[in-house]
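Student: I have a structure here, written as structure tokens, and I will follow up with some questions on it.
The values are calculated or read from the model by the stated rules, or taken from the named source; none is laboratory data. None of these values were measured; they are calculated from a predicted model. FYI the Cβ positions are ideal-geometry reconstructions off the backbone, even for glycines, and counts take in every protein chain you see. These accessible areas exclude ligands, DNA and RNA; they are computed on the full protein's heavy atoms, side chains included. Shrake-Rupley method; radii C 1.70, N 1.55, O 1.52, S 1.80 Å.
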Amino acid sequence: RSAREYPSHCRGRGPMALLRRSVGFAGRLFSTTTCRASLAAADDVSKLGPKEVAVQFSAAQVTGTNEMQSATGVVTAVGSGVTGIAANDTVASVAGVGGAFREVAKVPAGSLLKLPAGVPPEFGCLLEAPLTAALLLKDVAAGATVVQSGAGTPVGQAVVQLAKAKGIQTVSIVEPHPESEELVKLLKNIGGDIVMPIEFAHSSEFNDLMQDLSKPTLAIHCIPFLQDPSILKKVPAGAAPYSQWKVVMEDALFEDKRQIKISATLAAMSAASVSHGPYAAELPGTAVSAKSVGAKELEAELALVSDLLSSGSMSLWVESFPPEDLKFATETATQLFHSYRTPVLNFGK
């Protein structure tokens, strides 16, 4: 390691005790949208079709629409042909339940993950992020270095914690965000080795820092938001990564250009690239999402994530709402910079 000194905000301090669950209603104060979100009537589960399961939900992720996405709950009945899941099992749907928010629903058994004991309901409905992180790091060996953009996202936070558990060094770049300083601190506290805001990643000091590290085995790309997403369609095929993205940067808006340039830089300096998030298909490398993987194929990743969650070695940040506040939860989720916490509807079951 070089003796060269870098700004102290880049260096992680290692894990420390953190409040893992938080309850708040800040979304009410900053709401700018009108949502007509409300709970729908429970599904009629008196008759289940083949390979259908009835689930009494305890918590569900709120994403800004009135459609039920990832959720967790307890199985109350199973239809014919269902194997591996039984009544009273706690399950999670990572791919999404579909339809309006409701406390009881019929769900295809093949879309459910059976959760081990000890995983809190609020965390069970947020498994998409840590499972995606586990898939991103699946082939990375201990001792390797991984660089990531969009590190403040739920997946980015999970990457830091999983990498720490696997002995992988992380260099994490926090996306533009009003709470970027808090996100930098958070990522350091949960085990980030080197963490920085995006402004530092554009400096010559960042290049000096990366020269002191071993060549990154993997670059993980995430751009959480763009003012003009259509700019990504201009990426030319066939050229070197930085050359590809240089074409896009010429026409991109300033805030978009900063994020695109980081993606290009990380792709150029790393041995391989993967991506996640809303623009994953247009970013360098293979797009990865737990939603696109079947429940059976996620068994190893689920076991790893569940062990870390149950032992307190992994944290997820939740903003919890009761069912009567679904409207406020939905409004909160639509706010681009509302928080680094994920809104969750807690049915209290």
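Student: Among (1) under 13 Å from Pro130 (Cβ atoms); (2) surrounded by fewer than 22 Cβ atoms within 10 Å (Cβ to Cβ); (3) over 14 Å from the mean Cα position of the chain (by Cα), where does Ser311 come up short?
Tutor: Exception for Ser311: condition (1).
Student: Go through region 63-96 and count every residue that is open to solvent by 50 Å² or more (accessible area, probe 1.4 Å), on the phi < 0 side of the Ramachandran plot and polar (S, T, N, Q).
Tutor: Of the residues in region 63-96, 7 are open to solvent by 50 Å² or more (accessible area, probe 1.4 Å), on the phi < 0 side of the Ramachandran plot and polar (S, T, N, Q).
Student: Consider Lys166 carefully, then state whether it is basic (Lys, Arg) and open to solvent by less than 20 Å² (accessible area, probe 1.4 Å).
Tutor: No, not satisfied.
Student: Name every residue in region 137-148 that is within 17 Å of the chain's Cα centre (by Cα) and open to solvent by 10 Å² or more (accessible area, probe 1.4 Å), in order of residue number.
Tutor: Within region 137-148, just Lys138 meets the criteria.
Student: So, in region 218-243, exactly how many residues are out of contact with any strand residue (DSSP E or B) (no Cβ under 6 Å at 6 or more places or on another chain) and within 30 Å of Met314 (Cβ to Cβ)?
Tutor: Within region 218-243, residues that are out of contact with any strand residue (DSSP E or B) (no Cβ under 6 Å at 6 or more places or on another chain) and within 30 Å of Met314 (Cβ to Cβ) number 5.
Student: Give me the residue from region 271-307 that is more than 20 Å from Ala129 (Cβ to Cβ) and touching a helix residue (DSSP H, G or I) at 6+ places or on another chain (Cβ under 7 Å) and, out of that set, surrounded by the most Cβ atoms within 10 Å (Cβ to Cβ).
Tutor: Restricting to residues being more than 20 Å from Ala129 (Cβ to Cβ) and touching a helix residue (DSSP H, G or I) at 6+ places or on another chain (Cβ under 7 Å), the top hit is Pro284.
Student: Need at least 2 residues that are of a type in the set (Val, Ile, Thr) and either without any contact (Cβ under 8 Å) to a residue 40 or more places away in the chain or open to solvent by less than 60 Å² (accessible area, probe 1.4 Å) (or both) per element, so show me which helices (runs of 4 or more DSSP H) inside region 175-270 make the cut, counting only ones lying wholly within it.
Tutor: By residue number, 241-251, 254-269.
Student: Hey, another quick one. Does region 144-195 hold any residues that are under 23 Å from Ala303 (Cα atoms), touching a Gly at 6+ places or on another chain (Cβ under 9 Å) and of a type in the set (Gly, Ala, Ser), and which are they?
Tutor: Selection gives Ala144, Gly156, Ala163, Ala165, Gly167, Gly191, Gly192.
Student: Can you name the condition, by its number, that Leu326 falls short on among (1) aliphatic (A, V, I, L, M); (2) in contact (Cβ under 8 Å) with a residue 24 or more places away in the chain; (3) under 28 Å from Pro216 (Cβ atoms)?
Tutor: (3)
Student: Given the structure, is Pro108 more than 30 Å from Phe206 (Cβ to Cβ), open to solvent by 20 Å² or more (accessible area, probe 1.4 Å) and in contact (Cβ under 8 Å) with a residue 24 or more places away in the chain?
Tutor: Criteria met by Pro108.
Student: Do the conditions hold for Pro322, that is, is it surrounded by fewer than 15 Cβ atoms within 10 Å (Cβ to Cβ) and closer than 17 Å to Ala59 by Cβ?
Tutor: yes
Student: Before we move on, is Val171 in a helix (DSSP H, G or I) and within 20 Å of Ser313 (Cα to Cα)?
Tutor: no
Student: Tell me, which strands (runs of 3 or more DSSP E) wholly within region 13-117 include 2 or more residues that are at pLDDT 85 or above and closer than 30 Å to Lys164 by Cβ?
Tutor: The qualifying strands (runs of 3 or more DSSP E) are 52-61, 71-78, 90-93, 112-114.
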